[in-house]
Structure formats: C-alpha cells, structure tokens
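Written out below as structure tokens is the structure these notes cover.
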Amino acid sequence: MKTKSLIAAIALLTTAGAALAANTEFVDQSNFVSTRTRAAVTDEMTQSAANGQIARNTEFVDQANFVSTRTRAEVIAELRQAAANGQIARNTEAVDQSNFVSTKTRGQVRTEVIQATKSKVASIGG
C-alpha cells in the first residue's frame, strides 16, 4: 500500500511540476490600460483587508500620494538602456550566499530597509 501511495504522489508531483514549469512566458504589460484609478484600487484593497479577505502589511511606506510621470514601458525601456550602457549592473547568475554570515538580525535589517525607503521617498517628495 505504501508503494502505491508513493508512486501516486511522485506521479502527481511530477505532473504538477511540469505544468508549473511550462508557464514561463513573460507577460508584456506595456500596452496595459487601467480602467480604475489608483485610489479606487487602494480603497478596494483597504476594504478587503478590513473584511479579512486579504492580509495587508502596513509597515511599509504608504505611496498614496505618489504620482508617476512616466509609464511602465518608459521605465522598463530606460532600465534596459542603462543596463546596455553599463550604467547599472545586471547580474544574470545566481549569487552563492552559502558562506554569508550576517552581523545583524533579520529585524535590524528590516528596520534599516524600511527607514531607508522612507528617507528615499521623503527626498523624492512623497
């Protein structure tokens, strides 16, 4: 009985893995046009979180007043151009972190990241 269950589990996992691996296409969102405002989406998310339908992390920077002056396609094009010009690093290889030892706790790092993000947003005018 255990052998049959094991074979069935392996077959199921193999099938599921193959199905997930097959979905590797990049979805081009450069022509996406929203039918709702950012405020409407934010209100819906807030209401869903209040109803317990979704979890919402409120420790990060509130971007309610952020207004982008460029489209997603423009930002992506700029990043690709900067990478092509060597202005930003683009690492396509995995970084080996097996020998990495941190001197800070996860909480300390998280606090630093949140503070740095808040400072960056404040300097931009957000």
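What follows is calculated from the coordinates using simple rules that are stated; it is not laboratory data. Since the model is a prediction, treat every value here as computed from it, not as a measurement. Glycine also receives a Cβ, built like all others from the backbone with ideal geometry; neighbour counts cover every protein chain displayed.
Under a point spin-label approximation (7 Å from Cα along Cα-to-Cβ), what is the ASP43-ILE7 distance to one decimal in nm? The answer from the label model is 5.9 nm.
Using θ = phi - 60° in the Karplus curve 6.51 cos²θ - 1.76 cosθ + 1.60, the 3J(HN,Hα) couplings for the stretch 71-80 round to 7, 4, 4, 5, 5, 4, 4, 5, 5, 5 Hz; x is entered for Gly and Pro.
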